[in-house]
Amino acid sequence: MNREVQIVGFNLGRETYGVPITALHEIVRVPEITPVPDAPAYVEGVINLRGKIVTVVDLRKRFGKTATSLNRHCRILVVGHKDRLTGMIVDSASEVLKISESDIESAPAMAREGDLDCVTGLGKCKGRLIILLDIDKVLAVRAPALGAAAASAAFGGARNTPAGA
């Protein structure tokens, strides 16, 4: 018997992406976002989600796409990452999809050569291709390109302290 994988589908532009449902904490409308100084360009800021501070990443910017203005369809996918909650702004969240493991192919070599290396595979579902993502790699900090201190601070990491402090 072939197992099914449950993913949460979402859209960025015309592409449909998916992340494992087990990684998802919740989906929320985009509230007011507080900018964080010196954060990487793809970090929009932080939100207060029922008393918890959540870093918010714009996935369009993270993937090198042209940023668009937020609209009523945009959502934040709140996921667990390194024992913290992180929000990812997407154009829209579609639905929970069940994809048979036999309908999932490994990521093409070209997709694994990119800077993020976050595509785990391609799922075939209802006549369309779903780009499957590894949340940890999507949200991984690339210190040389970002500036280690800003990247670490943006994701709640340890702060640099002066020598002898």
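Derived scalar couplings between HN and Hα for the range 16-32 equal 10, 10, x, 10, x, 4, 5, 7, 7, 8, 5, 10, 10, 5, 7, x, 5 Hz in order, rounded to whole Hz, by the Karplus curve 6.51 cos²θ - 1.76 cosθ + 1.60 (θ = phi - 60°), x for Gly and Pro.
Computed from label points 7 Å out along Cα-Cβ, the spacing between Arg84 and Asp38 is 1.5 nm. Using a cut-off of 19 Å between Cα atoms, the listed pairs Lys65/Lys137; Lys52/Lys137; Lys98/Lys126; Lys52/Lys82; Lys98/Lys124; Lys61/Lys124 include Lys52/Lys137; Lys61/Lys124 as exceeding that distance. Quick check on the range 1-67: take the gyration tensor over C-alpha atoms, sort the square-rooted eigenvalues as a ≥ b ≥ c, and tell me if it's rounded (a/c under 1.5), prolate or oblate. Cα axes put the range 1-67 in the oblate bin. Amide H contacts under 5 Å for Ala107: Gly121, Leu122, restricted to partners 5 or more places along the chain or on a different chain, H placed in the peptide plane at 1.01 Å from N.
Note that the range 60-73 has calculated 3J(HN,Hα) couplings of 4, 5, 4, 8, x, 8, 5, 6, 10, 6, 6, 9, 5, 8 Hz, one per residue in order, obtained from phi through the Karplus relation 6.51 cos²θ - 1.76 cosθ + 1.60 (θ = phi - 60°); glycine and proline are x. Residues whose amide H falls under 5 Å from that of Leu49, counting only those 5 or more places apart or on a different chain, are Val54, with hydrogens built in the peptide plane. For the range 4-151, the alpha-carbon radius of gyration amounts to 1.03 times the rule-of-thumb value 2.2 N^0.38 Å expected for a compact globular protein.
Since every read-out is calculated from the coordinates, none of them should be taken as a lab result. Owing to the predicted nature of the structure, the values given are computational and were not obtained by experimental measurement. Glycine also receives a Cβ, built like all others from the backbone with ideal geometry; neighbour counts cover every protein chain displayed.
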